[in-house]
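What follows is a single structure, written as structure tokens, with notes after it.
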Amino acid sequence: MLSPRFLLLRSAASVTTRSFCSGGVSKPGRAPDMAEGDPLLHVSNVRNRLREIVGASTNWSDHQQAMSERLSLSSMLAKSQSDLPTKRMKDSYLEVHLPLGSEPQLREKYLTFHNTVRFGRILEDLDSLAVLISYSHTYNEALKRSPLSIVTALVDKIDMRQHIIYPDCDVKFTGHVTWVGKTSIEAKMHMSQFHDGSYSPVLDATFVMVARDPENKRAAFVNPLKPEGPEEEKLFQEGEANKVRRVELSTASLLKVAPTDEERKIVHGLFLNTLDTKTVSFRSRLLPPSSVWMEDAKLKGLEICHPQERNIFNRIFGGFLMRKAYELGWANACSYGGVRPSLVAVDDILFQKPVEIGSLLLLSSQVCYTQGKHIQVRVHSEVFDPLTRQHNTTNVFHFTFVSDRDVPKVVPMTYGESMLYLDGKRHFNQTVEE
């Protein structure tokens, strides 16, 4: 039985399009706080602000020189966390605006062919904002440039609060740091949209960032955080709990330990359900009705990583990777279910290795678990070196989609596919239980 909260977590990769963004303003979809002349942080300026903080350049050749000059900033790194001043949550609070209603010329970047919002673009904006929030927490006014290289380590979760993102209504992102370790930062962000005279929540996101030295090779200390008041203390404790949960999940990974007794019974049940009773052979398998072999539920893609998609540290922008993985995962879910699916949640996106400019990026999406109308998709990305023929995993993405009708059951055939099935079930259940 799905929880009431889970049933509300429905938003779209291709969300329903409506144009009811009025609310007592001069133009439909324009929020009062986005009127011309207001000193707002525009979403297009977030990356520019980040470049200023680290001293990066918008020009490709100059950018390489600027990155080499960052080596001299190593002497500015703190020797321990105690050497850094304690910060408050409000020190890192940011509000960023995406004026889809106020600036029609901006919409094209965010629209699909069906005049719906590209959620992959939203993922890019969230990733940039998480980095800027982290730099706001570690800001030192005595330094012209930050010696820290702050990058995304993990997208812990993104929960959808609304099933419609209007293509012609203003959007607002807010967020701040909610927890820190010695070298890591948790940032929570919220997206809301101006509709019918007020802002309504669209999604909640939790990102985990890590601080590195100027060369992005070693961990670096970040400012400690002091919660103020019971609400902030609760957020900080949630951050501690999230850290413990991530450690527990990593320890129980199916890549490290055997499935539980209950999971073993599930796998054996799937196996028995596909045996050919006429031959009584372990090798003779039959696909049950209304089912699809997992092998036939894949979709793959290739990206050549050009300089245009670089981040401020001369690597491929994490938001770009998320957008490409999401769009491939959504296309796979759409193909599998036969209808345009809606996004329910993004869960546990792990950034294992940076992707270098010029890399060949292989993306492979797999429908790994289904239940009723829901489709769990795992996207695996790896860098392929055509000269050495070596493959190195860079990211793993998990997306939960929902269709407007029941979808076929995905059925594993091999033991490896059975582990993918169980892993998908775990991620799905985690989304349901929250």
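The values are calculated or read from the model by the stated rules, or taken from the named source; none is laboratory data. From a predicted model like this one, the values you see are computed outputs, not experimental measurements. Virtual Cβ from ideal backbone geometry, glycine too; neighbours counted across all protein chains shown. The protein model used for the area step is the full one, side chains on, heavy atoms only, and it has no ligands, DNA or RNA in it. Shrake-Rupley method; radii C 1.70, N 1.55, O 1.52, S 1.80 Å.
Side notes on the structure shown:
- Criterion: in contact with an Asp or Glu (Cβ under 9 Å, 6 or more places away or on another chain) and either crowded, with 23+ Cβ neighbours inside 10 Å or in contact (Cβ under 8 Å) with a residue 24 or more places away in the chain (or both) - qualifying residue of Ala325, Ala331, Ala345: Ala345
- Yes/no for Leu40 being open to solvent by 30 Å² or more (accessible area, probe 1.4 Å), at pLDDT below 85 and under 21 Å from Ala142 (Cβ atoms): no
- Of the set (1) over 25 Å from Arg315 (Cα atoms); (2) free of Cβ contacts under 8 Å to residues at least 40 places away in the same chain; (3) hydroxyl-bearing (Ser, Thr, Tyr), all apply to Ser184 but (1).
- Of all the numbered requirements in (1) surrounded by 15 or more Cβ atoms within 10 Å (Cβ to Cβ); (2) in a helix (DSSP H, G or I), Ser72 misses one, and that requirement is (1).
- Among the residues of the range 386-401, those that are open to solvent by less than 60 Å² (accessible area, probe 1.4 Å) and either closer than 14 Å to Cys368 by Cα or not β-branched (Val, Ile, Thr) (or both) comprise Asn395, Val396, Phe397, His398, Phe399, Thr400, Phe401.
- Test for Ile266: is it β-branched (Val, Ile, Thr), assigned to a helix (DSSP H, G or I) and either closer than 30 Å to Asp385 by Cβ or not assigned by the TED database to the domain that holds Val377 (or both): yes
- Test: residue in the range 161-180 that is more than 20 Å from His42 (Cβ to Cβ), in the same structural domain as Ile122 (by the TED database), in contact with a Lys or Arg (Cβ under 7 Å, 6 or more places away or on another chain) and not in a strand (DSSP E or B): yes
- Filter result for Leu420 (outside any loop (DSSP other than H, G, I, E, B) and in contact with a His (Cβ under 8 Å, 6 or more places away or on another chain)): no
- His380 being open to solvent by 60 Å² or more (accessible area, probe 1.4 Å) and touching a strand residue (DSSP E or B) at 6+ places or on another chain (Cβ under 6 Å): no
- Residues being touching a residue at least 40 places away in the same chain (Cβ under 8 Å), over 17 Å from the mean Cα position of the chain (by Cα) and open to solvent by 40 Å² or more (accessible area, probe 1.4 Å) - total across the range 353-377: 6
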